[in-house]
Every structure is written in structure tokens, then in C-alpha cells.
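*Asks:* One structure, as C-alpha cells, below. Some questions next.
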Amino acid sequence: LGVRAVLSLPMTLGQWILQQERQHPETADLAPLITATATAGKQIASLVARAGVSNLTGTQGSTNVQGEEQKKLDVLTNEVLKNALRSTGKLGVLASEEEDEPVSLMEEAYAGDFIAAFDPLDGSSNLDAAIATGTIFGVMRSGEQCLTGPDDASINQRQMQCMVQTLQPGANLVAAGYILYSSSVIFMLSIGHGVQGFSLDPAIGEFVLTHPNVRIPTRGKIYSFNEANSDNWDPVLQDYIRSMKKRGYSSRYIGSLVGDVHRTLIYGGVFGYPADKKNPNGKLRLLYECAPMAFLMEQAGGIATTGKQRILDIVPQGVHQREPLICGSSADVQDLLTMYERSV
Ligand code: AHG
Ligand code: MN
Ligand code: MN
Ligand code: MN
């Protein structure tokens with residue numbers, strides 16, 4: 001490669017992190033967690049791509065604490081991500097879709113001040129059909145040192161303290177993002193200064209900056225809802241979807257939140273998993289699905305709401321609490337909010 005060609009190489013994630021440390025010193029201590037998440041993402045990308053070859057499709061024969069049947073890779077990717085984050089020594093507490101305990105405390109030796117909440121394999125029901133899946137993560141700081149409680153604090157008292165620290169609104173996120181396992185492996189990330197996207201370059205095994213300063217189009221032409229549920233939606237939402245059909249919008253829905261949200265971020269439009277008569281809080285989990293996606297959407301200039309309130313303002317009452325999620329282009333989502341305002 002000539003000098004000019006070398007200088008024109010895209011920035012790697014590692015180089016970007018170093019640049020961010022200089023520009024925003026308060027984000028410096030996040031670096032090990034972001035690097036560890038990226039490493040876990042590469043390992044999971046390899047597991048997902050080789051699932052059929054290495055007999056890792058299909059179910060584990062167990063259910064998670066929410067009663068969902070676990071895929072083999074739900075369990076395996078959870079271990080991969082947990083180990084990667086624990087090894088940084090920066091994490092105190094973690095919450096995961098696939099963990100039985102509400103929160104897992106890191107052993108003292110590894111204990112750090114950060115809290116991580118993640119969905120290790122989102123869209124896992126799509127895995128056996130080789131459709132896009134993803135990993136979703138959010139990182140917060142723990143208010144006070146929930147880990148260094150009084151020495152005599154029993155483990156379940158400390159567990160309770162740390163769970164309380166985990167139940168923070170998404171507005172407190174200091175980092176959030178996802179890794180998309182699709183035709184490309186793309187790490188979308190925000191540490192509070194916009195959204196950056198990094199594509200895995202298999203030639204060098206590095207994530208390289210391919211989507212600098214992502215801004216979601218103010219309006220799109222695609223809506224993304226599971227219309228099988230539409231008879232159970234509220235009338236305002238039914239009118240909203242009808243109005244987009246009349247305006248010639250297209251429908252795209254793959255049943256993997258990471259894939260549907262990524263397309264919405266890049267092309268514009270609106271994604272929704274709304275409440276319905278059978279599921280008054282929708283299906284998606286606030287802590288490790290709605291909040292990280294809402295953080296990214298707002299950092300990219302979009303809106304993320306339940307239809308009634310801003311996702312990032314919601315203070316969770318439980319680790320697996322579900323909330324309705326409508327997110328995407330500001331003009332498209334604002335149309336729905338205006339219809340709700342006028343309906344009261
Ligand atoms: P997970 O695989 O982590 O349990 O998440 C699945 C979620 C989300 O990825 C997607 O948006 C939604 O389930 C699809 O649900 P429906 O199949 O009910 O539309
Ligand atoms: Mn699941
Ligand atoms: Mn999920
Ligand atoms: Mn999942």
C-alpha cells in the first residue's frame with residue numbers, strides 16, 4: 001500500500017477510542033468496556049456465522065427466567081459477553097436477558113464501578129433461518145459504590161443494593177449500542193457524543209469506522225411493525241399505520257430488533273413494538289432493549305417513546321420490565337405523538 005493509500009485507511013475502533021479520550025476525557029474510563037464488548041462481538045459473530053457448521057443451532061433445552069425457551073447460542077453468547085466484560089475489572093454489576101439472578105455481582109477482585117445491561121443475542125428465534133441477529137448493550141455508572149457496602153453486608157443485601165443501582169432510567173446511560181450480525185457485522189455505538197458505526201473488516205479482524213456521526217433522516221418511507229397484532233392495537237395507532245399506507249410507505253419487519261432498528265437508523269422511518277390488548281406493556285425489555293435503542297435514536301436525532309412518554313425518562317421497577325417502543329425519524333414519530341395528543 002502506498003503512503004497515500006495507508007493514510008486513507010479507515011480509522012479502527014481502537015484509534016477512534018483514543019481520539020475520543022483526547023476530545024472527551026470524561027469518557028476515558030469507558031475504553032476497556034467498549035473494547036471488551038467489541039471483542040465479544042467478534043467472537044459472537046464467528047459463533048453465529050458458524051452455527052450450522054458447529055451444531056450450535058437449535059435449543060438448549062432450558063428456559064430463561066422470563067420463561068422464554070433458550071437457544072444454545074442465547075446461553076453461549078451470554079457467557080462470552082459476561083466473561084469479556086468481567087475481564088476488564090471495570091464492571092461491578094451486570095444484568096442480562098439470559099441470567100437467572102436479577103443482577104450478577106462481579107467478584108471483589110474484578111469489581112469496578114460500571115453497570116452493564118445486555119441482550120446477548122437479540123432475535124435468536126431467527127437464528128436457525130440465518131436471519132440477522134444482534135447483541136444489545138447499555139452501560140451506566142453506579143451511583144454510590146454498591147459493591148463496597150459495609151463488610152458485614154450479606155451477599156443478598158449487596159445484591160439488593162446493586163439491583164437498585166441497576167434500575168436507572170436510560171437517560172443515565174454513559175454508553176449504549178448494538179452489534180448487528182448480518183451481511184456485515186456492524187458495531188453501532190454512542191458514548192453520548194453522537195452515534196458512530198464500525199464495520200468488521202474480516203481482512204484485518206478489526207472494526208473500522210464506516211458510519212461517522214450517524215444522523216437518522218428526519219422522515220423516512222418505511223414503517224416496521226408486526227401487523228399480525230394490529231387488531232389488538234389502540235385505534236390511534238391503527239389510524240397512524242393506515243395514514244402511512246395512504247402516503248405510500250413500505251413495510252419491512254424481520255422480527256429482530258437490532259436488524260429492524262439498524263435499517264430504521266440508516267434509511268429513516270419508524271419501528272414499533274407497541275402495547276396491545278394482550279400485552280399492555282408490549283414485548284421488549286426496557287433495560288437492555290428499549291433504553292439502549294432509545295439512547296442511540298436520540299443521539300442520532302430521532303425520537304423514542306412508548307407513545308405516551310419518552311423511553312429514556314422511565315425509571316425501571318424491574319430488570320426485565322417490558323415497555324412499548326415506537327422509535328425512528330423525528331417527523332414520522334412526531335406524527336403519531338400529535339395524533340395521540342389530539343385524541344385526548
Ligand atoms: P430476543 O430474541 O432477544 O428474545 O428478542 C426478540 C424480540 C426482538 O428482537 C424483536 O423485535 C421481537 O422479539 C419480535 O417479536 P415478534 O416475533 O412477536 O414480532
Ligand atoms: Mn429471548
Ligand atoms: Mn432481544
Ligand atoms: Mn435475546
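The values are calculated or read from the model by the stated rules, or taken from the named source; none is laboratory data. These numbers were taken from a predicted model, which means no experiment stands behind them. Counting neighbours? That spans all protein chains shown, and the Cβs are built from the backbone with ideal geometry, glycine included. Please note that ligands, DNA and RNA were not included when accessible areas were found on the heavy atoms of the full protein model with its side chains. Shrake-Rupley method; radii C 1.70, N 1.55, O 1.52, S 1.80 Å.
*Asks:* Which number in (1) buried (at least 21 other Cβ atoms within 10 Å of the Cβ); (2) away from ligand 3 (no atom under 16 Å from the Cβ); (3) charged (D, E, K, R) marks the one condition that Lys71 misses?
*Replies:* (2)
*Asks:* Report, by residue number, each residue of the range 83-101 that is within 16 Å of ligand 1 (Cβ to nearest atom) and of a type in the set (D, E, K, R).
*Replies:* Glu97, Glu98, Glu99, Asp100
*Asks:* I'm trying to understand the selection: among the residues of the range 102-143, which are among the charged types (D, E, K, R), under 20 Å from Val174 (Cα atoms) and more than 10 Å from the chain's Cα centre (by Cα)?
*Replies:* Those that are among the charged types (D, E, K, R), under 20 Å from Val174 (Cα atoms) and more than 10 Å from the chain's Cα centre (by Cα): Asp113, Arg141.
*Asks:* Determine, yes or no, whether Gly52 is open to solvent by 50 Å² or more (accessible area, probe 1.4 Å), away from ligand 1 (no atom under 14 Å from the Cβ) and farther than 22 Å from Ala117 by Cβ. Let's see the steps before the verdict.
*Replies:* Values: open to solvent by 50 Å² or more (accessible area, probe 1.4 Å): yes; away from ligand 1 (no atom under 14 Å from the Cβ): yes; farther than 22 Å from Ala117 by Cβ: yes.
It is true that Gly52 is open to solvent by 50 Å² or more (accessible area, probe 1.4 Å), away from ligand 1 (no atom under 14 Å from the Cβ) and farther than 22 Å from Ala117 by Cβ.
*Asks:* Given the conditions (1) under 24 Å from Ala291 (Cα atoms); (2) surrounded by fewer than 19 Cβ atoms within 10 Å (Cβ to Cβ); (3) small (Gly, Ala, Ser), and given that Gly177 satisfies all but one, which numbered condition is not satisfied?
*Replies:* Of (1) under 24 Å from Ala291 (Cα atoms); (2) surrounded by fewer than 19 Cβ atoms within 10 Å (Cβ to Cβ); (3) small (Gly, Ala, Ser), only one is false for Gly177: (2).
*Asks:* In addition: Give the range 247-297 a look and list any residue that's among the aliphatic types (A, V, I, L, M) and under 15 Å from Gly177 (Cα atoms), or say none.
*Replies:* Within the range 247-297, Leu257, Val258, Val261, Leu265, Ile266, Leu286, Leu287, Ala291, Met293, Ala294, Leu296, Met297 meet the criteria.
*Asks:* Which of the residues belonging to the range 98-125 are open to solvent by less than 10 Å² (accessible area, probe 1.4 Å), at pLDDT 90 or above and within 21 Å of Asn156 (Cα to Cα)?
*Replies:* Across the range 98-125, the qualifying residues are Phe114, Ile115, Ala116, Ala117.
*Asks:* Only one of Leu94, Leu33, Leu73 is under 17 Å from the mean Cα position of the chain (by Cα) and either within 17 Å of Val185 (Cβ to Cβ) or more than 16 Å from ligand 4 (Cβ to nearest atom) (or both). Can you tell me which? Outline the logic, then answer.
*Replies:* Details: Leu94 fails: either within 17 Å of Val185 (Cβ to Cβ) or more than 16 Å from ligand 4 (Cβ to nearest atom) (or both); Leu73 fails: under 17 Å from the mean Cα position of the chain (by Cα).
Checking each option against the conditions leaves just Leu33.
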